[in-house]
Amino acid sequence: MEPGKWIRALREERLMKPSDIERITRSMAETRHNPDCYISHSSLADIEAGTIPGIHKLFSLALCLKVPLSALLLPFGIDEAAVPISALESTTDALTLPTPREPAFRFELNFDTNISGQETTLLKIHSHDLSVLAAPIRARFDPIRYRYASIGSSDDSMADLLPPRSLVEIDTTQRVVQAFEWQTLRQRPMYLVWHPEGHTCCWCQIDARELLLIPHPASHRRVRHFKMPNEATVIGRVTNAWLPFESIDAQQEAAS
């Protein structure tokens, strides 16, 4: 059986929902102060579809599914028992360790390699990237509470409010869709939603047990309906956004 299908079979055998995995690993990530241990609904879906997870997520899955980490590594072709200790010792002795160097100054937002920039997607920030942030930003930065997403180059769901190639900050603690009498379109809360077709930033509305994904009127996209919680998950509310330069210039020209 393929690794992803085997992991899903283990989860279903233990009567665990994706929301259970998300809840448990969120707590683990907060306790260990390591966001790489957190497995969101969309990350679990990717793993069960065949994406190879990092070692921290494999460790979290092993604890959730109550199996040894070594057993979870086997479907990915890693069998520690298959390598003799003598072979490891001879290989280690032959290695010449390089002289350690100072790490280069860098900060980058990492896309999964199998995701196209045309689609809206969550960005993955590694824990070692946080050390290069300026102190005031690092003091505010909370990788457990906040996630970041890039609006795909072909995603105009929110038209000029969130044009393609915008970067958005998502507060994962605000996952309940709010309804109130907003005065302008900009006051209406926007959310990042995972669904079988991918990720979408949009307005949301709850209708019975359905989640309605409502696009900006100028986008000419249709309203989409998904059953909750099986077909869609609200990841969080958009709290900040950074727009591409050309879209800001276009808005200023339109206003003048």
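The values are calculated or read from the model by the stated rules, or taken from the named source; none is laboratory data. Being a predicted model, the structure only gives us computed values, none of them experimental. Here Cβ is always computed from backbone atoms with ideal geometry, including for glycine, and neighbour counts include all displayed protein chains. Remember, those area values only see protein heavy atoms, side chains included, never the ligands or the DNA or RNA. Shrake-Rupley method; radii C 1.70, N 1.55, O 1.52, S 1.80 Å.
The largest accessible area among 211, 243, 74 belongs to the first residue in 74, 243, 211, and the rest follow in falling order (1.4 Å probe, all chains).
Within the full protein context, the accessible area of residue 160 is estimated at about 80 Å² for a probe radius of 1.4 Å. FRET efficiency for the pair residue 218 and residue 123, taken as 1/(1 + (r/R0)^6) with r the Cβ-Cβ distance and R0 = 30 Å, rounds to 0.70.
For region 1-52, carbon and sulfur atoms together expose 51% of the accessible surface, with a 1.4 angstrom probe and every protein chain in place. Here r is the Cβ-Cβ distance between residue 182 and residue 17 and R0 is 35 Å; the resulting FRET efficiency, rounded to 0.05, is 0.60. For region 140-255, carbon and sulfur atoms together expose 51% of the accessible surface, with a 1.4 angstrom probe and every protein chain in place.
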